[in-house]
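Enquirer: Sharing a structure below in structure tokens format, with a few things to ask.
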Amino acid sequence: MVDVLVIGGGNAALCAALTAREAGASVLLLEAAPREWRGGNSQHTRNLRCMHDAPQDVLVESYPEEEFWQDLWRVTDGNTNEALARLVIRTSSQCRDWMRKHGVNFQPPLSGALHVARTNAFFMGGGKALVNAYYRSAERLGVQIRYNTPVHALELHDGEFVAALAGSERITAKACVLAAGGFESNREWLREAWGENARGEWPADNFLIRGTRFNQGVLLKFMMDAGADIIGDPSQSHCVAIDARGAAVRRRYLYSRGLRIAGYCRESRRRTFL
């Protein structure tokens, strides 16, 4: 039995696995996707928005906590958790050294892009390089990694984790971290969240999924049904214009916007972060 079982294979899961391993725990990470598609939607990101009070390596000028908070307040119309948001904002100023220790490289400010270099640190090689760096570090530190291992349910006792169920296999651990993503690729759940319009149409039927096809929300639904506390809005999304001729679920491609913080933004409705 391992000390910590991490379910998921993206940025959050990898950071949890690395942190637990650094603390001396034995760690097993289960990724639903095959190795070539590992990383979830983290492989499609490209930058990290960072608070800083003075110029730093790849960040110019300053971007203090209060300005970051006001930006977040405006983009969410005030619909956010201030205590949680400020915690994320403050922590954003401290994480780059840890990320570098695990092999993540940051891109120097580019000419003509200094306006974003004040607020955002860009990953050299984008999200795919970020994910690959974390996996290399995890392997080097002795984190056990299993691909093609989707977990469909958990065994709980009095609200505490006992085991994860993956196919016919029962995997036990002393503690479990769920970082298995949302339901971005679950068409039926998207229909439920976005509803029907006045013409009797389902807008979600026209969504082109630009990220991973493995985020089906299986464990999210399981935990909701088990009575876990929930936060946020199921109609949150990060919507952008893409080629309408594209596949219903996208594979690898480039796009121009990165994630700004640890949450998605509803850009076609009232917007909510965190």
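The values are calculated or read from the model by the stated rules, or taken from the named source; none is laboratory data. These numbers come from a predicted model, not from an experiment. Heads up, the Cβs are rebuilt from the backbone with ideal geometry, glycines too, and the neighbour counts pull from every protein chain shown.
Enquirer: Could you go through the stretch 24-35 and let me know if any residue there is among the charged types (D, E, K, R), surrounded by fewer than 22 Cβ atoms within 10 Å (Cβ to Cβ) and within 18 Å of T149 (Cβ to Cβ).
Expert: Of the residues in the stretch 24-35, the ones among the charged types (D, E, K, R) are 31, 35.
If we keep only those that are surrounded by fewer than 22 Cβ atoms within 10 Å (Cβ to Cβ) too, we end up with 35.
The next check asks that each one be within 18 Å of T149 (Cβ to Cβ); those that pass are 35.
Yes, because at least one residue in the stretch 24-35 is among the charged types (D, E, K, R), surrounded by fewer than 22 Cβ atoms within 10 Å (Cβ to Cβ) and within 18 Å of T149 (Cβ to Cβ).
Enquirer: Among residues belonging to the stretch 51-80 that are surrounded by fewer than 15 Cβ atoms within 10 Å (Cβ to Cβ) and of a type in the set (D, E), point out the one that is modelled with the lowest pLDDT.
Expert: Only one residue fits best here, namely D77.
Enquirer: So, of the residues in the stretch 146-194 that are modelled with pLDDT of 95 or more and among the polar types (S, T, N, Q), which turns out to be farthest from the chain's Cα centre (by Cα)?
Expert: Top of the filtered list is S168.
Enquirer: Let me ask something else. State whether the residues of the stretch 219-235 include one that is within 30 Å of F106 (Cβ to Cβ), of a type in the set (A, V, I, L, M, F, W, C) and either loosely packed, with under 13 Cβ neighbours inside 10 Å or within 17 Å of the chain's Cα centre (by Cα) (or both). Let's see the steps before the verdict.
Expert: First pass over the stretch 219-235, keeping only residues within 30 Å of F106 (Cβ to Cβ): 232.
Now narrow it down to the ones that are of a type in the set (A, V, I, L, M, F, W, C): none.
No: the stretch 219-235 contains no residue that is within 30 Å of F106 (Cβ to Cβ), of a type in the set (A, V, I, L, M, F, W, C) and either loosely packed, with under 13 Cβ neighbours inside 10 Å or within 17 Å of the chain's Cα centre (by Cα) (or both).
Enquirer: Looking only at residues in the stretch 87-127 that are in a helix (DSSP H, G or I) and buried (at least 17 other Cβ atoms within 10 Å of the Cβ), which one is modelled with the lowest pLDDT?
Expert: Initial filter on the stretch 87-127 (in a helix (DSSP H, G or I)): 87-92, 96-101, 114-117, 126-127.
Cutting the leftovers down to buried (at least 17 other Cβ atoms within 10 Å of the Cβ) gives us 88-89, 92, 96, 99, 117, 126-127.
Working: V88: 96, I89: 97, S92: 96, R96: 95, M99: 97, A117: 87, G126: 94, G127: 95.
Among them, the one singled out is A117.
Enquirer: Go over the candidates R199, R136 one by one and state the one that is surrounded by fewer than 14 Cβ atoms within 10 Å (Cβ to Cβ) and either at pLDDT below 90 or under 19 Å from the mean Cα position of the chain (by Cα) (or both). I'd like the intermediate steps shown before the answer.
Expert: Working: R199 fails: either at pLDDT below 90 or under 19 Å from the mean Cα position of the chain (by Cα) (or both).
Criteria check complete, one pass: R136.
Enquirer: Still on this structure: So, in the stretch 202-215, of the ones that are aliphatic (A, V, I, L, M) and not in a loop (DSSP other than H, G, I, E, B), which residue ends up surrounded by the fewest Cβ atoms within 10 Å (Cβ to Cβ)?
Expert: Kept after step one, since they are aliphatic (A, V, I, L, M), are these residues of the stretch 202-215: 204, 208-209.
Adding the requirement that they be not in a loop (DSSP other than H, G, I, E, B) leaves 204, 209.
On the way: A204: 19, I209: 17.
Going through the qualifying residues, I end up with I209.
Enquirer: What strands (runs of 3 or more DSSP E) lie completely within the stretch 138-183 and have 1 or more residues being hydroxyl-bearing (S, T, Y)? Even if it seems obvious, please write down each step before you answer.
Expert: Details: elements: 144-146, 153-157, 160-166, 169-178.
By residue number, 169-178.
Enquirer: Let me ask something else about it. Could you list all residues from the stretch 1-21 that are more than 16 Å from the chain's Cα centre (by Cα) and either in a strand (DSSP E or B) or in contact (Cβ under 8 Å) with a residue 24 or more places away in the chain (or both)?
Expert: Start the filter on the stretch 1-21 by keeping residues that are more than 16 Å from the chain's Cα centre (by Cα), which leaves 1-5, 19-21.
Within the stretch 1-21, M1, V2, D3, V4, L5, A20, R21 meet the criteria.
Enquirer: Also: If I go through the stretch 22-50 residue by residue, how many of them are in contact (Cβ under 8 Å) with a residue 12 or more places away in the chain and outside any loop (DSSP other than H, G, I, E, B)?
Expert: Quick first cut of the stretch 22-50, residues in contact (Cβ under 8 Å) with a residue 12 or more places away in the chain only: 22, 25-35, 37-50.
From what's left, outside any loop (DSSP other than H, G, I, E, B): 22, 27-30, 35, 37, 40-44, 47-49.
Residues meeting the conditions: 15.
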